[in-house]
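The structure appears below as structure tokens.
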Amino acid sequence: MGVTRIARTVSVSIELPLAEVYAFVSRPENLPSWAAGLTTSLRETEDGWLGESPAGPITVQFSAPNAFGVLDHIVTPTSGEQVYVPMRAVANGDGAEVMLTVFREPDWTDERFASDLAAVQHDLDTLKRLLAG
């Protein structure tokens, strides 16, 4: 069995119907418009989705569209170590809640973990501003 890591879930409330939020977030080509902390560009190739992250090239594998708001994805940098990113969009009244869980890597300091959480919150806030138009 593996070691259970510390995890924190970051979220944002968006005043748009869940179906509209999910439709936008579930399209991989929209990711660079709101998740600059992960990738500044993303293009589909025969091998999957390739992007450019602040740390270098990445591939991203996305969950298939589904009726449950699951937006999970796996990010693979050039090191080959896969990073699982659980993400959901759920109804919140007439709007939606978008949530992303960050797992603390074993070698991260408290500062590094806080920085990653802040970057995810920034990206989710950008998503909210983008969709609020």
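Coordinate-derived values only; no laboratory data. Just so you know, these numbers come straight off a predicted model, no measurement behind them. As a convention, Cβ positions derive from the backbone with ideal geometry for all residues, glycine included, and neighbour counts pool all protein chains shown.
Does the range 22-39 contain any residue that is of a type in the set (Val, Ile, Thr) and within 23 Å of Glu105 (Cβ to Cβ)? Yes - at least one qualifying residue is present in the range 22-39.
Scanning the range 49-67 for residues that are small (Gly, Ala, Ser) and surrounded by 11 or more Cβ atoms within 10 Å (Cβ to Cβ) turns up Gly51, Ser53, Ser63. When restricted to residues that are in contact (Cβ under 8 Å) with a residue 60 or more places away in the chain and either out of contact with any helix residue (DSSP H, G or I) (no Cβ under 7 Å at 6 or more places or on another chain) or of a type in the set (A, V, I, L, M, F, W, C) (or both), the range 88-121 contains 21. Selection within the range 1-43: residues that are of a type outside the set (A, V, I, L, M, F, W, C) and within 16 Å of Ala118 (Cβ to Cβ). The member of this set that is surrounded by the most Cβ atoms within 10 Å (Cβ to Cβ) is Gly37.
With respect to the conditions (1) crowded, with 17+ Cβ neighbours inside 10 Å; (2) closer than 16 Å to Thr9 by Cα, Ala114 falls short on a single one, namely (1). None of Glu46, Glu81, Glu29, Glu52 is of a type in the set (Asp, Glu) and either at positive phi or touching a Leu at 6+ places or on another chain (Cβ under 7 Å) (or both) except Glu29. Among the conditions (1) loosely packed, with under 13 Cβ neighbours inside 10 Å; (2) among the acidic types (Asp, Glu); (3) closer than 30 Å to Asp107 by Cα, the only one that Glu46 does not satisfy is (3).
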